[in-house]
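Notes follow once the structure below has been shown.
The values are calculated or read from the model by the stated rules, or taken from the named source; none is laboratory data. Quantities reported herein were computed from a predicted structural model and do not represent experimental measurements. All Cβ positions, glycine included, derive from the backbone under ideal geometry; neighbour counts span all protein chains shown. Surface areas here come from the heavy atoms of the whole protein model, side chains and all, with no ligands, DNA or RNA. Shrake-Rupley method; radii C 1.70, N 1.55, O 1.52, S 1.80 Å.
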Amino acid sequence: MKCIAVITGASSGIGREFARQIAAAYPSLSEIWVLARRLTALRELEAELPGKKVRILPLDLTEDTALETLEALLKKERPCIRILVNSAGCGKSGPVESQDWKDASRMLDVNCRALTAVTMLCLPYLKKGSRIIQIDSGSAFLPQPGFAVYAASKAYVLSFDQALGAELKDRGITVTSVCPGPVDTEFFQTGGIALSPLKKIFLAKPQKVVKKALFDAEEGKDLSLGRSMKLLRLLGSVLPQKLILEVMRKLFL
Ligand SMILES: NC(=O)c1ccc[n+]([C@@H]2O[C@H](COP(=O)([O-])OP(=O)(O)OC[C@H]3O[C@@H](n4cnc5c(N)ncnc54)[C@H](OP(=O)(O)O)[C@@H]3O)[C@@H](O)[C@H]2O)c1
């Protein structure tokens with residue numbers, strides 16, 4: 001049986017870096033399946049990984065037909081999925097009342113609906129020792145005025161991951177939620193998000209985030225956090241939420 005990695009959002013940023021590092025660190029994988037909408041970017045990634053069999057799946061994961069394509073392919077090939085990385089995601093900032101509901105719905109479709117569906121489709125093919133890595137965000141820990149829908153979508157992912165991890169315990173499969181602060185990718189440009197001076201201070205390189213995430217996943221950790229996000233999580237758990245929301249409002253609105 002062939003063992004594979006499945007990576008969504010592999011055409012850029014964090015997902016692309018996962019493909020690179022997984023290709024290097026797991027030489028016994030037969031194939032790496034990479035999913036995103038941009039075919040050219042996926043082909044460029046394939047060219048970067050000579051000697052690796054890369055399965056290019058140019059799919060818009062907000063569409064049911066795309067999810068059905070993945071489902072059919074998995075049913076046909078019945079691979080063992082050693083690693084699943086859900087990195088496809090997007091964000092839009094600004095007060096809720098200034099946003100287009102279609103953009104907000106799309107964000108929920110990619111960040112929550114597609115992540116849930118891809119995870120569920122892959123579950124039958126995960127074996128003991130398989131790893132699920134969900135690219136969540138530090139935004140999952142706190143409601144965020146000025147980034148409300150995005151932060152709520154990431155809180156959903158964290159809750160989903162924690163419950164799923166408990167369900168999969170007896171199968172020896174772990175779920176790791178990766179919750180970085182700002183990372184230097186196309187994310188800000190794509191979402192038209194201005195990178196504030198505060199966020200610039202904490203801007204991490206995708207290489208570092210991914211290296212730590214793979215390590216934490218192999219350790220079976222349920223969370224993969226850098227130092228600043230550990231602090232944010234701690235503050236979120238000890239400070240009164242009203243105070244946090246007021247500070248966030250002043251900082252981000
Ligand atoms: N960068 C940050 O500061 C940061 C911080 C915390 C968490 N995150 C999370 O990290 C994850 C990866 O983001 P990134 O920073 O790597 O940003 P990115 O460079 O913009 O990558 C986003 C990826 O998602 C894919 N994608 C978006 N919509 C899709 C759709 N409808 N169907 C299929 N694929 C889709 C994009 O591919 P196509 O455009 O080719 O479809 C791209 O590969 C996201 O979940 C994001 O929320 C990012």
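Take each complete run of DSSP H in the chain, measure how far its Cα atoms stretch along the helix's own axis, and keep only those covering 15 Å or more with mean Kyte-Doolittle hydropathy at least 0.5; list them.
148-168, 227-238
Give, in nm to one decimal, the length gained when the segment between Ala194 and Arg227 is fully stretched (0.36 nm per residue of separation minus the Cα-Cα distance).
Result for the pair: 9.5 nm of gain on full extension.
Return a whole-number percent for the relative contact order of the chain, with Cα pairs under 8 Å and 6 or more residues apart as the contact set. Walk me through the numbers before you get to the answer.
Numbers: 446 pairs, mean separation 48.1, N = 253.
After rounding, I find 19 percent.
Order the following by accessible area, largest value first: Arg171, Arg43. Probe radius 1.4 Å; ligands, DNA and RNA are ignored. Present the calculation step by step, with values, prior to reporting the outcome.
Numbers: Arg171 95, Arg43 135 Å².
Result, largest first: Arg43, Arg171.
Using only the alpha-carbon atoms, what does the chain span along each of its principal axes? Please give whole angstrom values in decreasing order.
Principal-axis extents of the chain (Cα, largest first): 54, 37, 30 Å.
Less than 28 Å apart at the alpha-carbon level, and either on another chain or at least 8 residues along: which lysines does that give for Lys208?
List returned: Lys52, Lys53, Lys92, Lys127, Lys128, Lys154, Lys169, Lys199, Lys200, Lys221, Lys230.
Heavy atoms only, 1.4 Å probe, whole protein assembly: order Ser137, Ser28 by accessible area, highest first.
Numbers: Ser137 10, Ser28 105 Å².
The residues order as Ser28, Ser137, largest area first.
Considering the chain as a Gaussian network with a 10 Å cut-off on Cα pairs, which listed residue, Leu214, Leu239, Leu84, attains the greatest mean-square fluctuation?
Residue with maximal mean-square fluctuation among Leu214, Leu239, Leu84: Leu239.
As a test question: what accessible area, to the nearest 10 Å², does Asp100 have when a 1.4 Å probe is rolled over all protein chains in place?
Ignoring ligands and nucleic acids, Asp100 comes out at about 80 Å².
With each pseudo-label sitting 7 Å past Cα toward Cβ, what's the Glu218-Trp101 distance in nm, one decimal?
According to this spin-label approximation, the distance is 4.8 nm.
Taking the Cα centre of the stretch 6-131 as origin, work out the dipole magnitude from +1 charges on Lys and Arg Cβ and -1 charges on Asp and Glu Cβ, in debye rounded to 20. Show your work: numbers first, answer last.
Working: 19 positive and 15 negative charges, 129 e Å.
In total the dipole reaches around 620 debye.
For n ≥ 4 DSSP H runs only, could you compute -39500 (n - 2.57) per run for the chain, divide by its residues and tell me the 222 nm figure to the nearest 500?
Working: 11 runs with 122 residues, N = 253.
One gets -14500 deg cm²/dmol as the mean residue ellipticity at 222 nm.
When the dipole is taken about the Cα centre of the stretch 3-57, and only Lys, Arg (+1) and Asp, Glu (-1) are charged at their Cβ, what size is it in debye, to the nearest 20? Don't skip to the answer; put the middle values down first.
Working: 8 positive and 5 negative charges, 26 e Å.
Value, rounded to 20: 120 debye.
In whole percent, how big is the carbon plus sulfur part of the accessible area of the stretch 63-217, probe 1.4 Å, protein atoms only? Provide the component values of the computation, followed by the final result.
Working: 4210 of 7240 Å².
Carbon with sulfur: 58 percent of the solvent-accessible area.
Between Lys211 and Arg37, 0.36 nm times their residue separation minus their Cα-Cα distance comes to what? Don't jump to the answer; show the numbers that get you there.
Working: separation 174, 0.36 × 174 = 62.64 nm, distance 2.47 nm.
Value of the extension gain: 60.2 nm.
How high is the relative contact order of the stretch 62-204, given as a whole-number percent (alpha carbon pairs under 8 Å, six or more residues apart)?
Values: 199 pairs, mean separation 39.4, N = 143.
It rounds to 28 percent for the stretch 62-204.
Let me know the charge dipole size of the chain about its Cα centre in debye, to the nearest 20, where only the beta-carbon of Lys, Arg (+1) and Asp, Glu (-1) is charged.
Details: 36 positive and 26 negative charges, 135 e Å.
That gives a dipole near 640 debye.
Which one, Gly226, Val96, Leu164, is farthest towards the positive end of the dipole of the stretch 3-252 when Lys and Arg carry +1 and Asp and Glu -1 on their Cβ?
Comparing the listed Cα positions along the dipole, Gly226 ranks first.
How far apart, in nm, are two points set 7 Å out from the Cα along the Cα-to-Cβ line at Leu251 and at Leu239?
In this crude spin-label approximation the distance works out to 0.6 nm.
Could you tell me the center-to-center distance, by alpha carbons, between the stretch 230-253 and the stretch 53-97 in angstrom?
33
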